[in-house]
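Here it is, the structure in full.
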Amino acid sequence: MIRVGIVGLGYWGPNLVRCFSDIEGAKVTAVCDQSRDNLCRITDHFRGVTPFESFQEMLDRDVIDAVVIATPTATHFQLASDALKHGLHVFVEKPLAKTSEECRKLIDLAEQHHRTLFVGHVFLHSAPVMKLREIIASGELGNINYISSRRLNLGPVRTDVSALYDLAPHDISMMLYLLDQQPETVTCSGFDRLNPGIHDVCNVSMKFAGNRMGMIHVSWLDPRKERVLTVVGDKKMAIYDDLEQEKIKIFDKGIDAPPPASGDFADFQMSYRYGGSYSPFVQEREPLKAECADFIRCIVDDDVPLTDGVNGLQVVEVLEAAHHSLHQGGQPVDLVAARSIATS
């Protein structure tokens, strides 16, 4: 039985308590938060859970084998470091840390102490995204030209991190997973209307090898909630809409380029293909519960998680590059060069 402690009981923490409480082989034995009201709300519903206002006190007591960190991004590195040094397995909500340097230090600590380091990229555990990766790998869509996404809503507005760090990690993680590539360059633009220095709207563009693109639009100032990801291949196209009942739709649509030059002008006209569409069957499951179960499985089996520290680092590298581009007027950031410097 893996004894689990949850740190941070704000918006997401209670959902993690619920999911870990339902997983076979896991038991939530402790929760930690600076708010007594938050602690009481959890202990009233989950009997036998020990509340702590001090993270250090929870670490010093022999009540947990693993810790789940659902606190503001700026605190992730220190909390995860302390937990790993105490010999605990660590689950960190996205993003893993604020900088790639912090991510590398956490990866090294996890290796030194032989502990599982797991990152909460929840959409990589969702059935529709896994199905979409399967469809792409099958070649049904052909060669992928680009992936675009929109993650929009009116709020909730954050004051600790920008929309880039709050919303974009989901879409970055999905694009890296679906393309099985890391971008070569990253650009980002946006504006900070509500709080100076904290961008409410961001547009991220990633350039991949093979002339592929990834484009992300995130905002908490939009009138309509959207959670849409579009994959455009040279044979077919796919749309993943997380708010629809049928999550994935495949479209037999495209534009075929003309054949090599010939003397007839008609040969140079583009050919537009308007075929049908269908929704593949997806065996739905709750992504968060699947993610929590995978964390426990990786601890028990001593297995490397899909969303391990390296996966977390790859996402933060893109976020970090986008952040630099955003504050340099949208100038492209060369990730290949940045990685070479970091690993030299």
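The values are calculated or read from the model by the stated rules, or taken from the named source; none is laboratory data. None of the values given here were measured: they were computed from a predicted structure. Quick reminder, even Gly has a Cβ in these numbers, built from the backbone with ideal geometry, and neighbours come from all protein chains shown. Keep in mind that these areas ignore ligands, DNA and RNA; they rest on the heavy atoms of the full protein, side chains included. Shrake-Rupley method; radii C 1.70, N 1.55, O 1.52, S 1.80 Å.
Name the residue, out of ARG133, ARG115, that is in contact with a Leu (Cβ under 8 Å, 6 or more places away or on another chain), open to solvent by 30 Å² or more (accessible area, probe 1.4 Å) and in contact (Cβ under 8 Å) with a residue 40 or more places away in the chain. It would help to see each step written out before you state the result.
Values: ARG115 fails: in contact (Cβ under 8 Å) with a residue 40 or more places away in the chain.
The match here is ARG133.
Among the residues of region 159-180, is any surrounded by fewer than 18 Cβ atoms within 10 Å (Cβ to Cβ), at pLDDT 95 or above and in contact with a helix residue (DSSP H, G or I) (Cβ under 7 Å, 6 or more places away or on another chain)?
No - not one qualifying residue is present in region 159-180.
Find the helices (runs of 4 or more DSSP H) located wholly in region 1-98 whose residues include 3 or more that are open to solvent by 50 Å² or more (accessible area, probe 1.4 Å) and free of Cβ contacts under 8 Å to residues at least 12 places away in the same chain, and list them.
On the way: elements: 13-21, 36-45, 55-60, 76-85.
Correct list: 36-45.
Could you pull out the residue among LEU96, LEU117, LEU109 that is hydrophobic (A, V, I, L, M, F, W, C) and more than 19 Å from the chain's Cα centre (by Cα)?
Working: LEU96 fails: more than 19 Å from the chain's Cα centre (by Cα); LEU117 fails: more than 19 Å from the chain's Cα centre (by Cα).
Step by step, each of LEU96, LEU117, LEU109 is checked, and only LEU109 is hydrophobic (A, V, I, L, M, F, W, C) and more than 19 Å from the chain's Cα centre (by Cα).
Would you please list the contacts, defined by Cβ atoms under 6 Å and residues six or more apart or on different chains, that run from a residue in region 310-332 that is within 19 Å of THR116 (Cα to Cα) to a residue that is among the polar types (S, T, N, Q) and open to solvent by 50 Å² or more (accessible area, probe 1.4 Å)?
GLN314/GLN182
Please count how many residues of region 236-259 are in contact with a Leu (Cβ under 6 Å, 6 or more places away or on another chain) and either surrounded by fewer than 16 Cβ atoms within 10 Å (Cβ to Cβ) or of a type in the set (S, T, N, Q) (or both).
0
From ASP65, ASP44, ASP33, ASP82, grab the single residue that is acidic (Asp, Glu) and closer than 30 Å to ALA338 by Cα.
Numbers: ASP65 fails: closer than 30 Å to ALA338 by Cα; ASP44 fails: closer than 30 Å to ALA338 by Cα; ASP33 fails: closer than 30 Å to ALA338 by Cα.
Only one candidate qualifies: ASP82.
Then there's this: Based on this model, can you work out whether PRO183 counts as surrounded by fewer than 24 Cβ atoms within 10 Å (Cβ to Cβ), at negative phi and over 12 Å from the mean Cα position of the chain (by Cα)?
Considered against the rule, which asks whether it is surrounded by fewer than 24 Cβ atoms within 10 Å (Cβ to Cβ), at negative phi and over 12 Å from the mean Cα position of the chain (by Cα), PRO183 comes out as no.
Across region 297-321, what is the number of residues that are more than 15 Å from the chain's Cα centre (by Cα) and either among the charged types (D, E, K, R) or buried (at least 23 other Cβ atoms within 10 Å of the Cβ) (or both)? Don't jump to the end; show me each part of the working.
Start the filter on region 297-321 by keeping residues that are more than 15 Å from the chain's Cα centre (by Cα), which leaves 297-304, 321.
Subsequent filtering for residues that are either among the charged types (D, E, K, R) or buried (at least 23 other Cβ atoms within 10 Å of the Cβ) (or both) retains 297, 301-303, 321.
Residues in region 297-321 being more than 15 Å from the chain's Cα centre (by Cα) and either among the charged types (D, E, K, R) or buried (at least 23 other Cβ atoms within 10 Å of the Cβ) (or both): 5 in total.
Condition test on LEU154, is it in contact with a strand residue (DSSP E or B) (Cβ under 9 Å, 6 or more places away or on another chain), open to solvent by 50 Å² or more (accessible area, probe 1.4 Å) and modelled with pLDDT of 95 or more? Outline the logic, then answer.
Values: in contact with a strand residue (DSSP E or B) (Cβ under 9 Å, 6 or more places away or on another chain): yes; open to solvent by 50 Å² or more (accessible area, probe 1.4 Å): yes; modelled with pLDDT of 95 or more: yes.
For LEU154, the condition - in contact with a strand residue (DSSP E or B) (Cβ under 9 Å, 6 or more places away or on another chain), open to solvent by 50 Å² or more (accessible area, probe 1.4 Å) and modelled with pLDDT of 95 or more - is met.
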